[in-house]
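Take a look at the structure below.
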Amino acid sequence: MNKAIYPGSFDPATNGHVDIIYRASKIVDTLYVGVLENPSKTPLFTSKERVEQLKCLTEGISNVEIVCFSGLLVDFAEKLNVKTIIRGLRATSDFEYEFQMALTNKQLSPDIETLFISASVNLQFLSSSMVREVAMYGGKLDGMVDEMIKKALEDKFKGKRV
Ligand code: ADP
């Protein structure tokens, strides 16, 4: 069975992430979306919140499963018996980091391949960090995130605006 994992922080999931999930789900039988729980980072949304958000955003796609993981991605992929990692690639900003990570994962687990899906042209600029920044200052998030994420960001920053 053709399975893959699309890992990330998704803090929060943007339209760019959702676009990659839709496109990846068409080329595999099962797509796991792996929400990284990183104890050394303090995310805006808890892993539980990010999992719930992604479940809601992908409820129309039957072959997508949202899972949470910590530790090494290759260990988690092996546990799921997944041999393909999907990552999204934006124009210039992602290449060096993504290349380094793909080679590290290959070194750790030679059987696992990383496949890159290029970001859609209109979503190249989009990142979770930009979305958090815009939301913090109360800017418009139209076209960047789903309405549900917009609402979650509003709730998060309510009373905390600078
Ligand atoms: P990480 O902390 O692992 O980079 P992110 O949630 O920031 O997690 O990103 C997860 C993946 O989604 C990465 O491969 C990233 O390059 C990709 N990605 C992020 N934003 C976009 C976008 N706008 N279009 C396509 N891919 C994206």
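The values are calculated or read from the model by the stated rules, or taken from the named source; none is laboratory data. Bear in mind the structure is a predicted one, so any value in this text is a computation, not a measurement. We place every Cβ from the backbone using ideal geometry, glycine too, and count neighbours over all the protein chains shown. For accessibility, only protein heavy atoms count, side chains too; no ligands or nucleic acids. Shrake-Rupley method; radii C 1.70, N 1.55, O 1.52, S 1.80 Å.
How many residues are within 22 Å of residue 103 (Cβ to Cβ) and modelled with pLDDT under 95 when one looks only at segment 60-84?
Total meeting the criteria: 0.
List the number of the failed condition for residue 10; all other conditions in (1) open to solvent by less than 10 Å² (accessible area, probe 1.4 Å); (2) more than 16 Å from residue 117 (Cβ to Cβ) hold.
The number of the failed condition is (2).
Could you check how many residues of segment 77-96 are outside any helix (DSSP H, G or I), under 19 Å from residue 116 (Cα atoms) and either more than 14 Å from the ligand (Cβ to nearest atom) or not basic (Lys, Arg) (or both)?
Residues that pass the stated criteria total 11.
Can you tell me how many residues in segment 104-132 are more than 8 Å from the ligand (Cβ to nearest atom), part of a helix (DSSP H, G or I) and under 21 Å from residue 35 (Cα atoms)?
So the answer is 7.
With respect to residue 74, determine if the residue is part of a loop (DSSP other than H, G, I, E, B), open to solvent by less than 70 Å² (accessible area, probe 1.4 Å) and closer than 19 Å to residue 6 by Cα.
So residue 74 fails the test.
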